[in-house]
Amino acid sequence: MLACVTLLATAAAAADGAGPQDPQIEALIARMTPEEKAGQLTLVAAALDHEPADAGRAPGAPTALERQLAEIREGRIGAVFNGVGARWARQLQRAAVEQSRLKIPLLIAADAIHGFRTIFPVPLAEAASFEPQLAERSARMTAREAAAAGVAWNLAPVVDVARDARWGRGVEGAGEDVLLNRRFAAARVRGYQGAALSDDDAVLATAKHFAAYGAAEGGLDYNTVELTERTLREVYLPPFRAALDVGALAVMAAFHDIAGLPMMVNRWLLTDVLRGEWAYRGIVVSDYAADHELVAHGVARDAREAVKLAFLAGVDVSMTSRLYQQHLPELLRSGEVPSARLDEAVRRMLTVKKKLGLFDAPYGRMSERRERERNHTAEARALAREVAQRSMVLLKNEGGLLPLHPGQRIALIGPFARQGHLNGPWTLFDDRRDAVSLEAGLRAALRDPALLTVVPGCEPESPIEGGIEAAVAAARAADVVLLAIGETESMTGEAQSRSEIVVPAPQQALAEAVAAAGKPVVVLLRTGRALALQGAVRGAQAILVTWFLGLETGNAVSDVLLGRVSPSGRLPVSFPQAPGQVPYYYARRNTGRPAAAGAFQEYTARYRGISARPLYPFGHGLTYSTIRYDSLELSPARLPWDEPLRLRARLTNTGTREVEEVVQLYLRDRVASLARPLRELKDFRKLALAPGRTAEVEFTLRREDLTFIGLDNRPVVEPGEFEVWVGPSAQEGLMQVFELVAQ
Ligand code: BGC
């Protein structure tokens, strides 16, 4: 009987998401007051020494930092984010583990989105490498640096599929494709969390922003999302699932509402799907004061009601608002929040702290020596350069303009030739003085730096007096123009939605004037999103997408321009023909009136005057060679229900340089109970190929790869005919048809 009861208790604990009970944690929960429990569920922004708020404080009154330390001692705070360094972290940890009643360690968090001290390319750029293993390595390096500074919890990765280029936060994720997002989500989680969470170089990963935050109407940040359960399950949830499948133990609930229900109160997603269907055991944290925002959404009358709704829906931890601290104890006493729910959330938080090794070694990550040793190592810089080299995408290269030839006179023109804007958004802990500009990188790389002339031409968003004239003169005197234009760092990232995804007007004017000088132009496009390229930018002889490449920008771009490295990145987002075409993504459905690729046809699905095809499709990117694809063979010719199908194709490097090709496998379900996308990426591989060499690439498809979310919102596979492509982008490739044979 006793065994039976124990079993039941264990089963109950497991069902609440915390796994078998841990005696240390249970003993703590038994001793905690409601205030201490609410404290554990409170994450606040770091109060730093000499905050501006301290300036007006009365003589002798405590500083913001002192007040925060006092709160930690009182057990009113469980976690703090975005502070600075091991010394600061130790100070806070001491207050928690030496001076608070229960001595529960504090959890230090940070937003290290694409690097900590060493800034790597923005996540969208990294996705363009089509090498998840690279993202795993940069995430590992980020974790090493962050963990040495006391951080145990990273508020990353962003795993939001983003299909509307107006939305500014697409820069933080892996673009428009489900598979790419899944693979990068998993890679980044593995990189952050390392071999074991308790290691002194591991940080907890957070899959965010749950869920479908990127589907904001009109691409407007924080906006409402209208979405069917089918699309949610097919497109937006899989990257979260991928992150959790490799062990992420934090999920962030997003700001927006889906069809009127804010994510913060979406019990179905936060509890039924996350805990029930997926058996997730980690914590759910709110986004920044998102509990309080329930009042603005109009679903809670006041802060107290907001807390009740969010907490009962499944949000365990509140970020920055302090509302849990203020209202949970009283909601418990009034009976509106059951004590079992409070204990469950606290149990999850303490379990995470335990897994991070914080109970055994609360100061384990807070070593100033290690912080110094791991700060900007040569290894980290080399990795930043490698990732940057492999993230650039060569959209166009007429007449083999790139790589540049030795001895060419170069005019480096544009607002990004000299200035900053190298790192992109979300870099809170870096030292910008270390970043290498395009000018510095090129000067260091050129055998004769006198061959380089640098002229800004304009500011990113305004003209400079005489700027265009100086730029045109420099272009005339050069053999080739490098035009460094695009977006500033502040045009992408949170709350940076753009209504027109174009190169800003003063830069477009510069491009037109420079093109008229008649010299070949290479556009170096700095951007955190797909842009609709127009006029002289679109018409340039060569276009290299350089995104925001981080610390090693100038060096990495020079490596590619001068041919030390062949570009090997591919677009993780489609580049549309015109700004008004967004949202544009390759995995669209056909419609009943698809527009033909060629001449304009009335009454088909296209905008007036523009092709229905993108300017550059998803997956597109050139190398410094040409690759021929041939002989796609399927074996067997039909896909059996329970056995795999092997696809083999031959690739030949028909050019003169060694390059790396991203071979992509796409699928289309010809006839199904629902209209299926024109193509869906099913696999990809980056392959090195020497000039003149032929290689065979092999992929495997199984029945599971043919799954989609059916009419009843459940996964289904339907027998029938499928088209499959092996090729260099979502618009090209060798095609074959096969049949999935019914069981
Ligand atoms: C963002 C989150 C971030 C948080 C804390 C919010 O505004 O949406 O992604 O983790 O701030 O910095």
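The values are calculated or read from the model by the stated rules, or taken from the named source; none is laboratory data. Predicted, not measured: the structure shown is a model, and the values here were computed from it. Note: ideal-geometry Cβ built from the backbone for every residue, glycine included; neighbour counts use all protein chains shown. Note: accessible area is taken over every heavy atom of the protein model, side chains too, but ligands, DNA and RNA are not part of it. Shrake-Rupley method; radii C 1.70, N 1.55, O 1.52, S 1.80 Å.
Table for the structure above
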{"item": "Extreme residue, nearest to residue 354 (Cα to Cα), among residues of region 185-244 that are part of a strand (DSSP E or B) and β-branched (Val, Ile, Thr)", "result": "206"}
{"item": "Condition check for residue 683: in contact with a Phe, Trp or Tyr (Cβ under 7 Å, 6 or more places away or on another chain), open to solvent by less than 20 Å² (accessible area, probe 1.4 Å) and among the charged types (D, E, K, R)", "result": "no"}
{"item": "Scan of region 667-680 for residues that are open to solvent by 40 Å² or more (accessible area, probe 1.4 Å) and over 27 Å from the mean Cα position of the chain (by Cα), ordered by number", "result": "670, 671, 673, 675"}
{"item": "Residue tally, condition in contact with a Leu (Cβ under 7 Å, 6 or more places away or on another chain), over 18 Å from residue 246 (Cβ atoms) and assigned to a loop (DSSP other than H, G, I, E, B), over region 157-176", "result": "1"}
{"item": "Flag for residue 167 being within 14 Å of the ligand (Cβ to nearest atom) and touching a Gly at 6+ places or on another chain (Cβ under 7 Å)", "result": "yes"}
{"item": "Residue list for region 284-308, filter: surrounded by 19 or more Cβ atoms within 10 Å (Cβ to Cβ) and away from the ligand (no atom under 16 Å from the Cβ)", "result": "300, 306, 307, 308"}
{"item": "Check on residue 399, touching a Leu at 6+ places or on another chain (Cβ under 8 Å) and at positive phi", "result": "no"}
{"item": "Every residue from region 516-530 that is of a type outside the set (Val, Ile, Thr) and either touching a Phe, Trp or Tyr at 6+ places or on another chain (Cβ under 7 Å) or surrounded by fewer than 22 Cβ atoms within 10 Å (Cβ to Cβ) (or both)", "result": "516, 517, 518, 519, 520, 526, 528, 530"}
{"item": "Tally, over region 443-492, of residues that are outside any loop (DSSP other than H, G, I, E, B) and in contact (Cβ under 8 Å) with a residue 60 or more places away in the chain", "result": "15"}
{"item": "Residues satisfying the stated conditions in region 202-221, i.e. charged (D, E, K, R) and in contact with a strand residue (DSSP E or B) (Cβ under 8 Å, 6 or more places away or on another chain)", "result": "208, 217"}
{"item": "Residues (small (Gly, Ala, Ser) and either open to solvent by 10 Å² or more (accessible area, probe 1.4 Å) or within 14 Å of the ligand (Cβ to nearest atom) (or both)) located in region 232-247", "result": "242, 247"}
{"item": "The lone exception for residue 560 - which of (1) under 20 Å from the mean Cα position of the chain (by Cα); (2) of a type outside the set (Ser, Thr, Tyr); (3) surrounded by 24 or more Cβ atoms within 10 Å (Cβ to Cβ) it fails", "result": "(1)"}
{"item": "Per-region count, region 259-283, residues away from the ligand (no atom under 15 Å from the Cβ) and within 15 Å of residue 315 (Cβ to Cβ)", "result": "14"}
{"item": "Considering residues of region 213-231 that are away from the ligand (no atom under 14 Å from the Cβ) and at positive phi only, the residue nearest to the chain's Cα centre (by Cα)", "result": "219"}
{"item": "Where a residue in region 278-292 is hydroxyl-bearing (Ser, Thr, Tyr) and its partner, wherever it lies, is assigned to a loop (DSSP other than H, G, I, E, B) and more than 10 Å from the ligand (Cβ to nearest atom), with Cβ under 8 Å and at least six apart", "result": "280/17; 286/315; 286/321"}
{"item": "Enumeration of residues in region 170-187 that are within 14 Å of the ligand (Cβ to nearest atom) and not aliphatic (A, V, I, L, M)", "result": "170, 172, 173"}
{"item": "Checklist (1) under 30 Å from residue 588 (Cβ atoms); (2) more than 16 Å from the ligand (Cβ to nearest atom) applied to residue 147, failing item", "result": "(1)"}
{"item": "From 572, 567, residue being at pLDDT 95 or above, open to solvent by less than 20 Å² (accessible area, probe 1.4 Å) and out of contact with any Lys or Arg (no Cβ under 9 Å at 6 or more places or on another chain)", "result": "572"}
{"item": "3 or more residues of a type in the set (A, V, I, L, M, F, W, C): qualifying helices (runs of 4 or more DSSP H) within region 333-418", "result": "339-355, 378-391"}
{"item": "Pairs where the first residue, in region 600-626, is of a type in the set (A, V, I, L, M, F, W, C) and the second is part of a strand (DSSP E or B), C-beta under 6 Å, 6+ apart", "result": "615/575; 622/394; 622/397"}
{"item": "Residues of region 52-103 that turn out to be within 16 Å of the ligand (Cβ to nearest atom), open to solvent by less than 80 Å² (accessible area, probe 1.4 Å) and farther than 18 Å from residue 324 by Cα, as a count", "result": "2"}
{"item": "Yes/no for residue 396 being more than 30 Å from residue 526 (Cβ to Cβ) and charged (D, E, K, R)", "result": "no"}
{"item": "Among (1) open to solvent by 20 Å² or more (accessible area, probe 1.4 Å); (2) within 16 Å of the ligand (Cβ to nearest atom); (3) among the hydrophobic types (A, V, I, L, M, F, W, C), the one test that residue 47 misses", "result": "(1)"}
{"item": "Enumeration of residues in region 523-544 that are closer than 16 Å to residue 413 by Cα and within 20 Å of the chain's Cα centre (by Cα)", "result": "525, 526"}
{"item": "Subset of region 680-721 [part of a loop (DSSP other than H, G, I, E, B) and basic (Lys, Arg)]", "result": "693, 702, 714"}
{"item": "Test for residue 275: is it of a type in the set (D, E, K, R), out of contact with any Phe, Trp or Tyr (no Cβ under 8 Å at 6 or more places or on another chain) and outside any loop (DSSP other than H, G, I, E, B)", "result": "yes"}
{"item": "Residue list for region 116-150, restricted to those being part of a loop (DSSP other than H, G, I, E, B), open to solvent by 10 Å² or more (accessible area, probe 1.4 Å) and among the aliphatic types (A, V, I, L, M)", "result": "none"}
{"item": "Residues located in region 248-258, provided they are touching a Gly at 6+ places or on another chain (Cβ under 6 Å) and away from the ligand (no atom under 15 Å from the Cβ)", "result": "249"}
{"item": "Yes/no for residue 510 being in contact with a Cys (Cβ under 6 Å, 6 or more places away or on another chain), of a type outside the set (D, E, K, R) and over 30 Å from residue 256 (Cα atoms)", "result": "yes"}
{"item": "Total residues in region 309-328, condition at positive phi and either within 16 Å of the ligand (Cβ to nearest atom) or surrounded by fewer than 24 Cβ atoms within 10 Å (Cβ to Cβ) (or both)", "result": "2"}
